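Just so you know, all these numbers are worked out from the coordinates, no wet-lab data involved. Bear in mind that the values here come from a model prediction, so they are computed numbers and not experimental data. Don't worry about glycine lacking a Cβ; one is built from the backbone with ideal geometry, like all the others, and counts go over all protein chains shown.
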Amino acid sequence: MGSYAQAALIAGGLLAGAAVVASGLGGNRIDARADQTDARGLAPGGAATSKGSVDNRNAFSHASATLSFAREFDFKIGNAIFRKLWVSSPASTRSSDGLGPLFNARSCQRCHLKDGRGHPPAAPWPKDNAVSLLLRLSIPPQSDAQRRALANGRIAVIPEPTYGTQLQDLAIQGHRAEGRVHITYTEREVRLAGGEIVRLRKPIVRITDLGYGPLHPRTMISVRVAPPMIGLGLLEAVPDAAILARADPDDSDGDGISGRPNRVRARRSGAMVLGRFGWKALEPDLVAQTAAAFSGDMGLSSALLPATAGGCTAAQKACLAAPHGASKGGAEVPESLFRLVVFYARNLAVPARRNANTPAVKRGRTLFHQVGCAACHTPSFTTGKDTPSPHLADQKIWPYTDLLLHDMGDGLADHRPEARASGREWRTPPLWGIGLTRTVSGHTFFLHDGRARNITEAILWHGGEAQASRDRFAKLSAKERAALLAFVNSL
Amino acid sequence: MQRHVIFAAGLLAAALTVAVVNGQSRAQTKATAPDAKAVIATYANIAQAAYGDALTTAQTLQRAVQALIDKPTPQTLDAARKAWLAARVPYQQTEVYRFGNKIVDDWEGRVNAWPLDEGLIDYVKGEYGAVSDENSLYAANVIANKTLTFGGRSIDASRITKTLLSKTLHEADGVEANVATGYHAIEFLLWGQDLNGTGPGAGNRPATDFNVAACTGGNCARRVQYLKVATALLIDDLRWMAAQWGQQGAARKALMEGPADKGLIAIFTGMGSLSYGELAGERMKLGLLLHDPEEEHDCFADNTHNSHYYDVIGIQNVYLGRYRRVDGTLIKGASLSDLVKAASGPTDARLRKALAHAVTQFQAIVKRAESGEAYDQMIAEGNTAGNKIVQNAIDALLMQTKDIERAIAALKLRPVQFEDSDSLSDPAKVLQ
């Protein structure tokens with residue numbers, strides 16, 4: 001019998017007394033241990049790895065395999081809320097209103113297409129929309145008070161005075177959208193060993209159709225593509241100590257790679273905690289991440305972020321005054337629905353690896369380590385024993401990220417700091433599931449702004465701490481590069 | 001440590017695969033137990049018959065659609081709607097096959113995807129909103145527009161073809177609500193938008209929307225073409241699936257040729273996942289939480305009560321090993337119920353009782369709907385009696401799922417590993 005038998009989850013329904021209805025509660029107990037024999041990460045999510053098909057567009061939409069029927073109920077309702085279209089207030093369906101007034105999308109799913117990766121618009125508005133990416137905005141500190149607030153972590157950024165921290169490119173009827181995303185590209189050539197020429201495109205981002213007057217002259221803009229939704233609950237369950245153990249902020253081991261944790265203020269407790277989610281690790285956990293997305297992306301309030309007008313600023317008075325969808329004392333997204341969405345996000349499963357045993361993939365895995373990719377794309381962690389999701393506990397997982405910030409050089413810099421992350425730093429993104437990007441999303445656009453059109457381009461954009469690894473990659477023979485890519489695509 | 005069955009709920013599909021039986025062959029110890037392969041054969045026979053019925057009723061729908069197109073009158077439109085409703089009866093009884101069988105789950109979105117942004121297909125009114133949305137195709141109206149622009153491309157939609165609907169538009173831009181094919185696309189064409197909220201009434205499209213000579217709603221020739229193509233696609237898809245359950249079909253062979261317990265797990269997975277997560281959760285509880293008339297599965301036709309009811313009948317069918325065909329014939333054979341009964345009579349009795357109880361609760365919903373209060377009205381805010389009757393049905397599904405879990409435990413079935421990769425079943429071997 002394989003070791004997966006030990007990954008069995010005791011069906012909650014057998015043991016728990018009463019039926020659990022959409023409560024986020026469950027009677028599950030766990031009989032699962034980190035599988036230390038899976039030395040190649042064939043089941044990257046441990047026992048929670050998806051058991052669904054990996055050869056079609058739903059490959060990222062399956063639930064953790066360790067869920068009971070009872071928790072599947074919550075997952076399914078969470079999925080339905082995730083794709084639910086919110087409407088503006090007032091509406092006949094009181095539980096579904098509260099959208100906007102400013103928003104980027106009407107539903108979670110409209111950005112997180114097929115629970116996968118977003119993409120840059122194929123052409124500037126109106127030929128295409130920019131729905132699966134957004135622009136973050138801020139300005140440098142303008143006063144000592146602002147400098148202090150940033151330094152002590154009370155705030156993560158100084159909002160652009162009129163538009164806030166995010167450009168919402170849509171608005172409900174009767175309100176103006178903030179503007180449109182306009183991206184064009186310049187290209188340059190890079191020559192690899194053996195003569196292959198790769199063209200790298202760099203985005204030039206501007207905002208057109210500004211709805212509320214000019215931007216602050218020193219506005220910093222950062223383009224953010226919606227990241228894939230898989231494995232988030234497992235990443236959340238990695239103990240802080242395991243992440244911090246890999247940090248080397250002053251590069252004391254002299255390998256050229258620092259690795260710094262972001263530190264952010266927890267909204268509820270006010271404590272400074274480890275940042276973990278988002279392109280710059282700005283959010284500490286999935287509750288905070290979900291609340292931020294509801295607020296910033298859809299203009300919906302929740303218990304954690306109760307402002308009903310979402311991203312409206314004091315300078316957008318009509319926006320603040322618009323009808324909202326919160327019943328008295330509540331939020332536009334009631335706690336019961338909010339919890340179900342978080343549960344859904346926690347339990348979108350990581351797919352099993354494909355073709356892991358071909359000679360090229362095995363060779364590529366060795367090269368991945370030799371070139372130095374694994375210095376930041378940390379192959380494996382073991383999730384904690386004590387987590388809010390016991391069915392995700394104590395699993396050996398293979399995300400290929402250290403969840404730390406790294407200086408990625410000028411080429412990738414957005415020059416827009418967030419909390420402790422500088423304008424050159426990005427959090428190492430996980431690589432699990434990356435080989436299914438085309439299957440799920442129909443494209444292979446990578447990096448925070450989707451500039452890379454394939455994995456080779458993405459690697460070649462690596463600079464800063466990753467420059468040496470990038471250079472080693474560029475010097476590999478064509479066959480070796482193909483092997484390395486085969487390995488990455490098997491993840 | 002005591003071990004219990006695990007249910008990899010998560011998923012759909014495929015989920016559980018290889019299973020191991022503890023102890024001796026049941027056939028030796030339980031004289032009355034049927035052979036597990038015979039039980040699986042019954043399951044496959046029911047699938048073949050039910051998908052076959054779904055196909056023939058869809059063909060009847062196709063003839064009714066042609067009659068509507070030939071002579072668009074209120075009578076022919078009504079006949080087409082009745083044919084659509086009749087076609088849903090066998091199809092919904094097949095939904096229980098979706099969650100235990102990867103081949104069905106991978107295919108299902110082509111025929112039964114929901115909910116849909118109907119503005120992709122045809123004209124819409126009311127609060128729908130014609131302005132550009134973050135879904136470029138939200139109000140694209142293929143019937144009115146021969147060129148569509150999305151994803152930075154112009155799409156030639158001058159000819160409405162199977163390829164256009166199933167390959168180009170279905171889930172276009174990665175948006176799941178871009179549903180261009182299947183029962184619900186056809187339903188929208190036959191009924192039109194339901195603009196009544198949680199008030200009474202279904203969609204009310206006039207027959208003249210299909211009258212090329214005296215057209216209402218514009219673009220009648222293209223609407224006719226869309227309806228013809230979508231119906232033909234449905235038939236293609238159902239024919240294909242019925243064949244997968246034939247004697248040499250891939251779906252049947254996948255079950256019959258694998259370990260018997262894998263097949264039994266597939267049957268239980270379908271029952272449990274449809275009961276709990278899909279029907280009780282996604283399709284019913286959410287709508288009740290939100291009191292949202294959009295959360296109605298067959299919303300244009302106000303047929304949700306039947307849609308849910310026949311799902312529940314389908315669950316009962318596969319447990320009892322019987323299916324009443326559209327022509328009245330009874331398909332019957334060795335059943336899962338017999339197998340559980342041989343292992344534990346009380347467990348079988350409980351589950352049969354729970355399934356029957358659920359059927360009763362869904363009959364109550366059907367009865368209420370037929371008395372004039374549609375499902376979307378039942379879930380409306382403030383409709384205490386309606387809400388209660390829906391909640392009772394949900395509770396019955398939750399209860400029956402517990403008894404399904406007890407039945408799995410009684411048979412000592414235990415899923416142990418992934419299906420399609422021996423590298424996963426034996427990682428150590430791979431590392432050599």
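Å³ per residue of the Cα convex hull, for the protein assembly as shown?
Dividing the Cα hull volume of the protein assembly as shown by its residue count gives 164 Å³.
How do B:240, A:398, A:125 line up, fewest other C-beta atoms within 10 Å first?
B:240, A:125, A:398
Using a 10 Å cut-off around each Cβ, can you sort A:285, A:35 from fewest to most neighbouring Cβ atoms?
A:285, A:35
Pop out the ³J(HN,Hα) list for segment A:63-71 in order, Karplus 6.51 cos²θ - 1.76 cosθ + 1.60 with θ = phi - 60°, rounded to Hz; leave Gly and Pro as x.
Values, residue by residue: 8, 3, 5, 8, 7, 7, 3, 4, 7 Hz.
Measure off 7 Å from each Cα along the Cα-to-Cβ vector at residue B:32 and residue A:251, then give the distance between these two points in nanometres to one decimal.
7.7
Can you give the relative contact order of chain A as a percent, counting alpha carbon pairs under 8 Å and 6+ residues apart?
It comes to 21 percent, rounded to a whole number.
Provide the per-residue ³J(HN,Hα) series for segment A:237-254, in order, calculated from phi with Karplus coefficients 6.51, -1.76, 1.60 and θ = phi - 60°, each as a whole number of Hz, with x at glycine and proline positions.
Couplings: 8, 6, x, 3, 4, 5, 6, 5, 5, 8, 5, 8, x, 9, 6, 5, 8, x Hz.
Could you pull out every residue, at least 5 positions away or on a different chain, whose amide H is within less than 5 Å of the one on residue A:452? Hs are placed 1.01 Å off N in the peptide plane, and Pro or chain starts have none.
Answer set, sorted by chain and number: A:446.
Testing the spin-label approximation: label points 7 Å from Cα along Cα→Cβ at residue A:196 and residue B:221. State their distance in nm.
Going by the 7 Å Cα→Cβ label model, 5.1 nm.
Can you pull the one-decimal nm distance between simple spin-label points at residue B:250 and residue A:314, each 7 Å off the Cα toward Cβ?
Between residue B:250 and residue A:314, the simple spin-label model gives 6.3 nm.
So which trypsin sites (Lys or Arg not before Pro) in segment A:269-346 end up in coil per DSSP with only 11 or fewer other C-beta atoms within 10 Å?
A:328
Kindly provide log₁₀ I(q)/I(0) values, in the same order as q = 0.06, 0.08, 0.13 Å⁻¹, from the Debye equation applied to equal alpha-carbon scatterers of chain A.
So the normalised log intensities are -0.26, -0.48, -1.33.
Compute the FRET efficiency between residue B:353 and residue B:86 as 1/(1 + (r/R0)^6), taking r as their Cβ-Cβ distance and R0 = 22 Å, and round to the nearest 0.05.
About 0.15, to the nearest 0.05.
How big is the gap, in Å, between the Cα center of segment A:170-241 and the Cα center of segment B:235-282?
If we compute the Cα centre of each part, the gap is 43 Å.
Please turn the phi angles of segment B:357-365 into ³J(HN,Hα) values with the Karplus equation 6.51 cos²θ - 1.76 cosθ + 1.60 (θ = phi - 60°), one per residue in order, whole Hz, x for glycine and proline.
Ordered by residue, 3J(HN,Hα) equals 4, 4, 4, 4, 5, 6, 4, 5, 5 Hz.
Per residue Cα convex hull volume for segment A:86-218, in cubic angstrom?
202
Find the cysteines in chain B that fail to meet the 4.7 Å Cβ criterion with every other cysteine, and list them.
B:299
Based on DSSP H runs of at least 4 residues, each adding -39500 (n - 2.57), what is the mean residue ellipticity at 222 nm of chain A after dividing by all its residues, to the nearest 500 deg cm²/dmol?
That calculation yields -6500 deg cm²/dmol at 222 nm.
Hey, what did segment A:56-115 get for relative contact order, percent, Cα under 8 Å, at least 6 apart?
34
Going 7 Å from the Cα of residue A:370 along its beta-carbon direction, which residues of segment A:445-476 have the amide nitrogen within less than 14 Å of the resulting point?
Residues A:472-476 qualify, since their backbone N sits under 14 Å from the label point.
Give me, ordered by chain and number, the residues 5 or more places off residue A:171 or on other chains with an amide H under 5 Å from its own placed amide H.
It is A:103, A:177, by chain and number.
Cysteines of chain A lacking any other cysteine beta carbon under 4.7 Å?
A:108, A:111, A:373, A:376
I need to check one value: relative contact order of chain B, counting alpha carbon pairs closer than 8 Å and at least 6 residues apart, in percent.
26
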